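What follows is a set of notes on a single structure, which appears directly below.
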Amino acid sequence: MRKLRVVLVDDEIMIREGFKKLFDWGAHDCEVVGEAADGVEALGVIDSMVPDIVIMDINIPIMNGLKVIQTSRLKYPDMAFIVVSGYDDFSYCREALRLQITDYILKPVDYEEFGNTIDHLKISIFEKQTKNVTPGSEASTIVGIVRYMQEHLAEEISLNVLAETFHLSAQYISQLFKNEIGVNFLAYLTTIRMERAKKLLVSTQLSIAEISERCGYADYRVFTKVFKKTEGSTPSQYRRDFCRSFSIRFSMGPISYKAWMKGALSYNLPVHDKIRLTNGCR
């Protein structure tokens, strides 16, 4: 997988320099190709560089970040936008979600959390690109492997299992994940298992143990530990936060914007459609 091109947009030069120097872009197969300090400059840089990812502050001069995203979406519907802002006001979060941003991160930035966001984004980009692959190519091979993993998520999945199933070496498959998706095998497996878990948590009334089994974890305690490490809360807490956030008519109420956004961004749906996912909250 080629390196993803990134543009940084923030009116504070220290923030932009911090992103460039404190985050290991190379380790995540990314490169910063441009930066801007205001909205108009941002539109120019986006047009000239056509990046894969734009890291965007909201409160920037001349044209605010949300307007930049809205304008850019008309030309580049597949471009990914990550909002990094000091604003935790719900109206900003709701508007950002309406514009289908990838994530909304508060300053000061937790670079480990930011790295997880980038890795999830790489997987999303890969899945979009796999719609048009050449049969017999390495890309088509990894597509077949990924499809198998998604269809057998409740079963044991390892490099050795995949090697035996597809008559390839485990080392070759491991390299395919890095080359074609940009993340290693275990990171990809954990990501799709956690995505399945989040969907089951908010759309069903299955117990944590049942969800654990459906996501390939025989021991629910291991599942809970992995979930908390990747999502920042236990499965039970995630379900409660999601249910509470969508039972208060989108007012922030007692729940933090971060918990609301975390649940809402789990699905690429319009805001009003997310209410339908609360069947598991009853």
- request: List the number of the failed condition for LEU168; all other conditions in (1) in a helix (DSSP H, G or I); (2) more than 25 Å from the chain's Cα centre (by Cα) hold.
  value: (1)
- request: Just name the residue that is farthest from VAL83 (Cα to Cα) out of those in region 13-23 that are surrounded by fewer than 19 Cβ atoms within 10 Å (Cβ to Cβ) and without any contact (Cβ under 8 Å) to a residue 40 or more places away in the chain.
  value: LYS21
message: Just to verify a result, which residue in region 212-242, among those that are part of a loop (DSSP other than H, G, I, E, B) and within 19 Å of the chain's Cα centre (by Cα), is farthest from PHE114 (Cα to Cα)?
response: CYS215
statement: For region 196-229, the count of residues that are surrounded by fewer than 17 Cβ atoms within 10 Å (Cβ to Cβ), in contact with a Ser or Thr (Cβ under 9 Å, 6 or more places away or on another chain) and in contact (Cβ under 8 Å) with a residue 60 or more places away in the chain equals 2
- request: Could you name every one of the strands (runs of 3 or more DSSP E) located completely within region 34-123 that has at least 1 residues being surrounded by 15 or more Cβ atoms within 10 Å (Cβ to Cβ) and at pLDDT 90 or above?
  value: 53-56, 80-85
- prompt: Mind checking which residues of region 137-182 are within 15 Å of LYS122 (Cα to Cα) and in contact with a Lys or Arg (Cβ under 6 Å, 6 or more places away or on another chain)?
  reply: GLY182
task: Answer yes or no: is there a residue in region 24-35 that is in contact with a strand residue (DSSP E or B) (Cβ under 8 Å, 6 or more places away or on another chain) and farther than 23 Å from ILE181 by Cα.
output: yes
- prompt: Would a scan of region 160-179 turn up a residue that is under 25 Å from ILE211 (Cα atoms), of a type outside the set (Val, Ile, Thr) and touching a Leu at 6+ places or on another chain (Cβ under 9 Å)?
  reply: yes
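The values are calculated or read from the model by the stated rules, or taken from the named source; none is laboratory data. Nothing here was measured: the structure is a model prediction, and the numbers come from that model. Glycine also receives a Cβ, built like all others from the backbone with ideal geometry; neighbour counts cover every protein chain displayed.
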